[in-house]
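Worksheet: the structure to be examined is printed underneath.
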Amino acid sequence: MKRMIALAGFSCLAGCGGGAAPGSALPPVTVISSDSANQMAARVSPDGSRFFWWQPSGAVVQLWTAASDLKNPVKQPVISVPVGGMPILWSPDQSKIAVTSSDSGLAEVAVIPASGGSAKVVTHSVGFAIPLGWNPDGDRIAYIGSAGGAGAGTLRSFVTSLSHGGTTPLIPGETHPNFGVWSPDGSRIGYLVIQGNQSTLWIADSAGRNPRQLTTDGFESIASDVPWSPDGKWLAYESRRTGTSDIWVVSTDSGTQHQLTRDVRNDRTPIWSPDGKWIAFVSDRGKQTDVWVVPAAGGPELRVTDDPAEEELVGWLAGSKLAFLTGVAQSAIWSVSLADSSERRLTPDSLLAGVPQLSPDGKQVAVPINHGGGVSDLAVMPTAGGSLRLLAQGGANSNFVWSPDGRQIAFISDRGGTADIWIADVATGALHQVENWPGTESNPVWSGDGSVLYFVSDHDAKLTDIWRTSPSGTEPVRVTKQGTVGNLMTRRGHPELFGGVVNATGQFEVVQVHPDGSLTTVWNRTNAFADALTPKGDSLVIAESGKGGGGYTFRLIPATAGGEGRVLLDHGQRFGDFSTDGSQVLLTIPIGGTDDIGLLDRGSGQIRRLTNTPTDERAPVMTPDGKTVLFQRVRPSRRIAIADLSKLLKNK
């Protein structure tokens with residue numbers, strides 16, 4: 001359900017030329033974080049005096065804050081599951097921030113004093129709630145959440161009041177999935193409406209009434225928490241109408257649209273400068289993700305950074321300064337012997353290897369090789385070590401899933417322009433595109449016997465539905481029509497297909513999906529997601545978000561009969577894989593801010609620690625013979641940097 005919790009964005013003013021301005025020197029950049037920092041989704045106060053950011057802590061992220069020099073950072077009493085971009089939204093008077101909190105459930109909106117202190121949870125949703133923006137009155141907060149009642153089984157924008165509480169729709173008459181934010185003066189609301197694989201921009205008055213459509217192409221998205229221009233006359237947004245993502249702006253009065261960027265790679269997350277003259281954005285040009293700026297009235301794009309580090313915008317500061325996150329992670333595939341705990345590196349440091357996917361016979365492993373700038377390859381290599389063999393190159397290739405016979409790999413690729421389902425023949429390297437729909441496809445899984453390939457799509461759906469095709473990639477056939485089904489899971493050798501659905505109350509429940517598209521509820525006591533089936537097929541591992549909050553608990557429940565089941569892994573621990581006989585469970589254990597790999601003996605309850613390093617070890621999988629564990633070892637790095645754009649923007 002890719003769009004379910006994705007926040008989208010708006011940007012700038014008039015038509016623009018493609019390409020960077022020739023001869024522009026890069027501006028000076030100062031990194032202000034420590035060398036060991038790993039900061040996420042950082043935001044700076046409008047006056048530039050304080051930063052807030054999220055920091056990984058096992059299965060959740062922890063909120064931190066510091067003054068502008070980042071000295072003496074202070075941990076805040078808020079944790080969250082990594083969801084919805086983890087927004088940090090400053091109140092109009094800069095005295096408070098609104099964030100997502102998992103301290104009391106899956107995700108709720110919490111407000112915390114900007115100076116630090118106790119958090120107050122201001123929503124009490126059945127499903128989840130993620131903040132979108134403040135009203136200029138400083139009392140009302142818009143948020144996106146799963147909807148029950150008349151809007152059951154979808155996502156909508158809502159409003160809550162700090163002084164009076166309660167919940168009302170942000171756009172009362174809109175029943176399709178939508179999310180939006182108020183204009184700077186609060187007189188209007190700009191919002192996105194999603195109808196299947198079509199998404200368009202709209203505008204309404206301050207009460208969400210008198211809607212007016214601004215765009216009609218159906219490829220728009222909002223990727224910024226401040227899409228409005230400072231004067232409230234323009235909305236900035238991303239559009240894929242040309243095949244890749246470009247930055248556009250639309251006049252909220254006339255509806256006139258202007259394209260600001262035209263590169264063949266993706267341009268994303270536009271952010272307005274305080275004076276409304278410039279828009280900063282990140283671009284995937286040159287197989288790397290860099291920061292750029294473009295005049296809001298149109299003109300050449302100006303490059304701010306040019307390096308292999310991955311960058312993410314934080315916000316503008318006074319004096320033509322721009323803050324952003326930057327970092328170069330190291331990631332490799334390793335193996336550890338269960339006999340003597342000896343480790344072996346399978347991929348070199350020179351490659352940025354993603355999560356390994358083991359073949360059914362355990363002899364090969366599929367590995368994503370990330371190049372930066374949204375480019376990743378599909379490669380396979382022997383589990384015992386050896387050369388990588390590329391199967392798919394160009395664009396973003398991800399979500400690799402082996403067929404039960406090990407002959408094919410299904411995956412997601414945007415090599416055709418949008419995220420579509422592809423199948424690779426492992427022996428020959430031949431590639432077949434299953435569909436070429438304009439929306440987004442995800443989550444491919446093979447049936448237990450390999451006769452069917454299922455996947456999730458927003459094609460002609462309220463949110464997402466399940467489709468199926470054959471191993472040869474025949475014309476896809478729709479399986480479900482509820483419009484809110486996704487999160488698929490199967491296991492080799494077992495016929496059951498499990499998934500997740502947003503039910504009539506707005507809660508995420510686990511269901512079994514039958515061949516005719518009907519659904520049987522497996523778990524609806526709390527928000528939960530299907531994670532794995534035991535080797536015998538009699539029990540299901542679910543990731544449950546309990547009312548006590550604190551992230552996910554992994555629970556083992558009967559696969560079809562329902563029931564309470566029992567807790568398998570506590571908060572912070574994450575499920576990895578079962579041994580072939582199901583007697584052992586691989587898991588990750590949070591230790592001092594990073595994760596190590598452990599092995600749980602289900603009989604004794606004892607956990608054997610397999611790794612013990614200051615790096616992150618993730619995604620463990622066990623070979624079928626039970627002798628070796630493969631995993632991803634990551635040295636993450638994200639630091640806050642500030643670029644001084646005064647000379648770059650002078651006289652432009």
Mind checking which strands (runs of 3 or more DSSP E) fall wholly inside the range 118-234 and carry at least 3 residues that are closer than 18 Å to Val250 by Cα? 178-182, 188-195, 198-205
Being polar (S, T, N, Q) and out of contact with any strand residue (DSSP E or B) (no Cβ under 8 Å at 6 or more places or on another chain): is that true of Ser583 here? no
All-but-one check, Ala280 against (1) within 23 Å of Leu645 (Cα to Cα); (2) part of a loop (DSSP other than H, G, I, E, B); (3) under 27 Å from the mean Cα position of the chain (by Cα), failing number (2)
Of (1) in contact with a His (Cβ under 9 Å, 6 or more places away or on another chain); (2) farther than 27 Å from Ala41 by Cβ; (3) crowded, with 16+ Cβ neighbours inside 10 Å, Thr252 satisfies all except one. Which? (1)
So, in the range 15-59, exactly how many residues are touching a Ser or Thr at 6+ places or on another chain (Cβ under 9 Å), at pLDDT below 50 and surrounded by fewer than 19 Cβ atoms within 10 Å (Cβ to Cβ)? 1
So in the range 60-105, with the set limited to residues that are assigned to a loop (DSSP other than H, G, I, E, B) and of a type in the set (S, T, N, Q), which one is surrounded by the fewest Cβ atoms within 10 Å (Cβ to Cβ)? Asn72
Which condition number in (1) touching a strand residue (DSSP E or B) at 6+ places or on another chain (Cβ under 7 Å); (2) on the phi > 0 side of the Ramachandran plot is the one that Gly417 fails? (1)
Those residues of the range 548-569 which are hydrophobic (A, V, I, L, M, F, W, C) and outside any strand (DSSP E or B) amount to Ala559, Ala561
For the range 30-39, state whether one or more residues are among the aliphatic types (A, V, I, L, M) and more than 28 Å from Glu301 (Cα to Cα). yes
Only one of Lys462, Lys481 is surrounded by fewer than 20 Cβ atoms within 10 Å (Cβ to Cβ) and either part of a loop (DSSP other than H, G, I, E, B) or touching a Phe, Trp or Tyr at 6+ places or on another chain (Cβ under 8 Å) (or both); which? Lys481
Could you count how many residues in the range 432-462 are under 17 Å from Arg415 (Cα atoms) and among the charged types (D, E, K, R)? 2
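So which residues in the range 301-321 are under 17 Å from Thr261 (Cβ atoms) and of a type outside the set (Ser, Thr, Tyr)?
Initially, the range 301-321 is screened for residues under 17 Å from Thr261 (Cβ atoms), giving 301-306, 311, 313.
Residues satisfying the conditions are Glu301, Leu302, Arg303, Val304, Asp306, Glu311, Leu313.
Could you say which residue among Gly605, Gly582, Gly572 is closer than 26 Å to Glu496 by Cα and part of a loop (DSSP other than H, G, I, E, B)?
Values: Gly605 fails: closer than 26 Å to Glu496 by Cα; Gly572 fails: closer than 26 Å to Glu496 by Cα.
Being closer than 26 Å to Glu496 by Cα and part of a loop (DSSP other than H, G, I, E, B) holds for just one of Gly605, Gly582, Gly572, which is Gly582.
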Given the condition closer than 24 Å to Pro136 by Cα and among the charged types (D, E, K, R), answer yes or no: does some residue in the range 233-250 qualify? yes
Just checking, which of Pro614, Pro590, Pro620 is touching a strand residue (DSSP E or B) at 6+ places or on another chain (Cβ under 7 Å), surrounded by fewer than 21 Cβ atoms within 10 Å (Cβ to Cβ) and in a strand (DSSP E or B)? Pro590
Only residues in the range 216-245 that are over 15 Å from Thr261 (Cα atoms) and touching a residue at least 12 places away in the same chain (Cβ under 8 Å) count as the first member; pair them with residues that are aromatic (Phe, Trp, Tyr) and not in a loop (DSSP other than H, G, I, E, B), Cβ under 6 angstrom, at least 6 apart or cross-chain, and list the lot. Ile222/Tyr237; Ser229/Trp272
Sort out which residues of the range 341-361 are at pLDDT 95 or above, of a type in the set (Gly, Ala, Ser) and within 18 Å of Ser387 (Cβ to Cβ), and write them in order of number. Ser359
Free of Cβ contacts under 8 Å to residues at least 60 places away in the same chain and surrounded by fewer than 21 Cβ atoms within 10 Å (Cβ to Cβ): which single residue out of Asp306, Asp263, Asp267, Asp349 fits that description? Asp349
Does the range 420-436 include one or more residues that are surrounded by fewer than 21 Cβ atoms within 10 Å (Cβ to Cβ), part of a loop (DSSP other than H, G, I, E, B), under 27 Å from the mean Cα position of the chain (by Cα) and without any contact (Cβ under 8 Å) to a residue 24 or more places away in the chain? yes
If a residue has to be closer than 24 Å to Val328 by Cβ and small (Gly, Ala, Ser) to count, how many in the range 37-68 make the cut? 6
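The values are calculated or read from the model by the stated rules, or taken from the named source; none is laboratory data. Everything numeric in this text was worked out from a predicted model, so none of it was measured. Cβ atoms come from the backbone with ideal geometry, glycine included; neighbour counts cover every protein chain shown.
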